[in-house]
Amino acid sequence: PSSGVVSNRVSMPSRSLVKWWAKLAAKSAAGVLPVSPQMWKRIGVFDHGPMESPEYACSVFEKHFQHFERIRTARGLANREFQCLELGPGSSLASCVIAKACGAKKCVMVDIADLALVDASVYRGLGRYLNQHELPAPNLEDVDNVQAVLKLCGGLYMTAGLESLEKLPAKSFDFIWSHTVLQHIDRTELVETLKELRRVIRPDGIASHEVD
């Protein structure tokens, strides 16, 4: 069953000043122009949403986790520790905090560049939010940097895309997910990326992907 932390109906007002058609053109050009992902993000092209909001971050995680939780409960594996992988965490490493609160032993997050929020207060606020909703998040009140957050939550952040996936051991993850990410992978790397995800998931593992 779903943890029921937040409603799936989350209002997401756009903060970007870049029109949708401009974003589409820029994303098409991103693969060939010598512009860093950080620069695209600054102008709103690769904005992954308001992940600094605990409510929104939890709703994204829950949308995928509920499938994993339902299936492993049916298999009699509820409440057992698990290892998970998020493809494309974008602007926040909130998933490792939420996953830890939901019983994850390890949470690996793979992206194409270092795009994550570094403001530790965001993660402290997320920890408080989870505890208020009776999910046992680690005590993050004294953390002052992202590395400390990752250490407390069993998180690993890798930023070399497909190359990062290739470094992960085979059959090591119970749960893999991505949220509006697969459609942004370069077509020359998509098949290899899917093969790597298949390689690293355990035989009885569960994957959840939403494509926008």
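Please treat every number below as a calculation from the coordinates, not as lab data. Values in this document were obtained by computation on a predicted structure and should not be read as measured data. Because the Cβ atoms are built from the backbone with ideal geometry, glycine has one as well, and the counts that use them run over all protein chains shown.
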> Which pairs do you get when a residue that is assigned to a strand (DSSP E or B), found in the range 168-192, comes within reach of a residue that is surrounded by fewer than 21 Cβ atoms within 10 Å (Cβ to Cβ) and polar (S, T, N, Q), reach meaning Cβ atoms under 9 angstrom, with the pair 6+ apart or on two chains?
Replying inline: PHE173/GLN83; ASP174/GLN83; PHE175/GLN83; PHE175/SER208; ILE176/SER208; TRP177/SER208; SER178/SER208; HIS179/SER208
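Looking only at the range 70-94, filter to residues that are hydroxyl-bearing (Ser, Thr, Tyr) and free of Cβ contacts under 8 Å to residues at least 60 places away in the same chain; which one of those is farthest from GLU55 (Cα to Cα)? Steps first, please.
The first filter runs over the range 70-94 and keeps only residues hydroxyl-bearing (Ser, Thr, Tyr), leaving 73, 91-92.
When the remaining residues are screened for being free of Cβ contacts under 8 Å to residues at least 60 places away in the same chain, the result is 91-92.
Numbers: SER91: 15, SER92: 13 Å.
Per the criteria, the residue is SER91.
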> Does the range 119-128 include one or more residues that are in a loop (DSSP other than H, G, I, E, B) and in contact with a helix residue (DSSP H, G or I) (Cβ under 8 Å, 6 or more places away or on another chain)?
Replying inline: no
>> Being on the phi > 0 side of the Ramachandran plot and β-branched (Val, Ile, Thr) narrows it down to one residue among THR73, THR159, THR180; which is it?
In response: THR180
